[in-house]
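The values are calculated or read from the model by the stated rules, or taken from the named source; none is laboratory data. If you're wondering where the values come from, they're calculated on a predicted model, not measured in any experiment. Cβ placement follows ideal geometry from the backbone for every residue including glycine, while neighbour counts extend to all protein chains displayed. Calculation scope for accessible area: heavy atoms of the full protein, side chains included, ligands and nucleic acids excluded. Shrake-Rupley method; radii C 1.70, N 1.55, O 1.52, S 1.80 Å.
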Amino acid sequence: MSDFPLSAGGARRPLSGSRRVLAAGALGVLGVVTALSATLPANAAASTLGAAAAQSGRYFGTAIAAGHLNDSTYVATWDREFNGVTAENEMKWGPIEPSRNSFNWGSADQIVNHAVSKGMKVRGHTLVWHAQLPSWINNNMSASDLRSAMTNHITQVMNHYKGKVFAWDVVNEAFADGGAVGTLRDSIFTQKLGKGFIEEAFRAARAADPNVKLCYNDYNIDSATAAKTQGVYNMVKDFKARGVPIDCVGLQSHFGNPPSNYQQNIAQFAALGVDVQITELDVGGSGSTQADAYRRVVQACTAVPRCTGITVWGITDKWSWRSGDTPLLFDGNFNKKQAYTSVLNALNAATPSTSPSPSASPSQSPSASPSASPSASPSASPSASPSASPSTSPAPGGCSATIKTINSWGGGFQSEVTVQAGSSAVNGWTVKWTWPGGQTISSLWNGRQSSSGSSVTVTNESYNGSIAAGASTTFGFTANGTAATPTATCTSP
Ligand code: G3I
């Protein structure tokens, strides 16, 4: 990692002394199963982070270290505030498979079983990573031996946690911090298996568990326009195009400020048809500056339906991996900080999340190394001015539909469609429109879609077909192409 991590707006700024050490010493050196579904709109304000997040169908998790589970305040705070968890170290390859094919489940099981007993969502972290590897993974191994060790590791660990983990960081931090777009970090995996190791790992993971979400997780991919982000974006786009199983992208988000285009970045990944999760959030700073940065992170995630959850990388500043930056929501005595309150308020104000089931089953034969198409680069600024299609007045007993642009970026956009009942209640609805310029929907929620050429038809889901007289419901989608708001028709049987 360079000494100049991304800061607001993608600009680079020098690190303070302590952060420089931290970056060099840590990042630099390191280098259930139910899908969340749309839920009811937020009710009365919730008083804990997990409950507030749950109102919009999301989770709010924390990293937990098994070594602190004997601290009753730590466990009480975890249980009270969070509805999700990631084991900070215990599921990594070295700790969990210290000798070949001999697994040390104890510490990870402690965390997972506690979480499951409390109904929390568990993220699996992580299957293939260049850091914290066991010593038996070394350069003496042949490529085929490493491949078979990797496949066995993925299979055994995923089998052990089947049904308890909802998403796995299948590959962690595989991209380099410098170099051309798409450059991978040099590691034993690239050296022995080539860049196709990422695809091989995802295919092995899907074969091990078809029902769990498979994520790619990395740091410094928070800015929409950063070269490292573009490399990951191109990979996800390529995987989607070729049917390589991938369901989610994790933005670790270790920073001092979210980049100004952070929400756009989340939306552009979501537009590829994957969930996005903030996976290791910690924000250096204090007071209102830190609180404001945290608020912007939560607002960016909750503005995008497919941003399904946020995990902070620890509970208390005193045990953070970067404790000198006081980056968490609770101080060293487990007191709530100002940042806590701004996160809670932002979660309480959130709009619903949505997430389809994991992607379809893998094709059997892993193809050659992933291609990275330069044309797939994410682009710049989102459009600021939302527009809406003219709404048609519903006949009595009928309905009308209005398409509104929520967000747009080069090559894609996000829209919300309001379906309104006329003077009588509606029981089932169908909305139709025609794209004016070759747009294609990449992901749609709260409705069932069929398309034929430029014609789009969306019908209600089982839970939102009934609309009271004069009331309305919405569905949303992301699409490729230039934002457009064609006139939509609505019919009800
Ligand atoms: O458990 C041993 C202990 O027995 C030994 O005495 C001690 C001596 O150093 O080390 C202890 O292990 C340490 C482990 O944390 C548990 O505390 C390791 O040295 C130390 O390297 C390890 O650091 C972890 C780091 O990943 C390793 O790369 C941090 O806790 C953990 O927060 C950090 O998490 C990573 C994510 O997994 C990936 N993204 C970046 C993030 C921050 O670096």
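Three principal axis extents of the stretch 445-493 based on alpha-carbon atoms, in descending order, are 34, 18, 18 Å.
Computed 3J(HN,Hα) for the stretch 289-302, one whole-Hz value per residue from the Karplus formula 6.51 cos²θ - 1.76 cosθ + 1.60 where θ = phi - 60°, is 5, 5, 4, 5, 5, 4, 4, 5, 5, 5, 5, 5, 5, 6, glycine and proline marked x.
Averaged over its residues, the stretch 296-342 has an accessible area of 30 Å² per residue, based on protein heavy atoms and a 1.4 Å probe. Only beta bridges with both residues in the stretch 173-302 are counted; by DSSP, about 10 percent of them are antiparallel. Modelled spin labels at Lys336 and Ala46, positioned 7 Å past Cα toward Cβ, are 1.4 nm from each other. Using θ = phi - 60° in the Karplus curve 6.51 cos²θ - 1.76 cosθ + 1.60, the 3J(HN,Hα) couplings for the stretch 101-106 round to 6, 10, 9, 10, 7, x Hz; x is entered for Gly and Pro.
For Gly182, the residues whose amide H sits under 5 Å from its own are Gly231, ignoring neighbours fewer than 5 places away on the same chain, with H placed 1.01 Å from N. What whole number of Å gives the distance from the Cα centroid of the stretch 279-332 to the Cα centroid of the stretch 132-189? One Cα centre to the other: 27 Å. In this model, which of Lys118/Lys213; Lys240/Lys337; Lys164/Lys336; Lys118/Lys432; Lys195/Lys432 are farther than 32 Å apart at the alpha-carbon? Violating the 32 Å Cα-Cα cut-off are Lys240/Lys337; Lys118/Lys432; Lys195/Lys432. Taking amide H as placed 1.01 Å from N in the peptide plane, the amide H of Ala488 sits under 5 Å from that of Ile403, each at least 5 places away or on another chain. Rounded to the nearest whole Hz, the Karplus-based 3J(HN,Hα) values (6.51 cos²θ - 1.76 cosθ + 1.60, θ = phi - 60°) of the stretch 72-85 follow the sequence 5, 5, 4, 5, 5, 5, 4, 4, 6, 9, 10, 10, x, 8, with x at glycine and proline. Computed extension length for Arg80-Ser462: 134.2 nm, one decimal, from 0.36 nm per residue of separation with the Cα-Cα distance subtracted.
The Rg/Rh ratio of the stretch 64-169, with both radii computed over alpha carbons and Rh defined as the Kirkwood radius, is 1.02. When the trypsin sites (Lys or Arg not before Pro) in the stretch 58-103 are filtered for DSSP coil states and for at most 15 other beta-carbon atoms within 10 Å of their beta-carbon, the remaining sites are Arg100. Panel values: the stretch 173-247, Kirkwood radius from alpha carbon pairs, Stokes-Einstein at 25 °C and 0.890 mPa s, translational diffusion coefficient 189 µm²/s. For the pair Ser357 and Lys318, a Förster radius of 51 Å applied to the C-beta separation gives a FRET efficiency near 0.80, rounded to the nearest 0.05.
Put simply, the amide H of Trp313, placed in the peptide plane, has neighbours under 5 Å in Ala63, Leu281, Asp282, leaving out anything fewer than 5 places away on its chain.
In the stretch 285-332, the C-alpha radius of gyration followed by the widest Cα-Cα span (Dmax) gives 11.9, 34 angstrom.
Across every pair of non-identical alpha carbons in the stretch 207-262, the mean reciprocal distance, once inverted, gives a Kirkwood radius of 12.4 Å.
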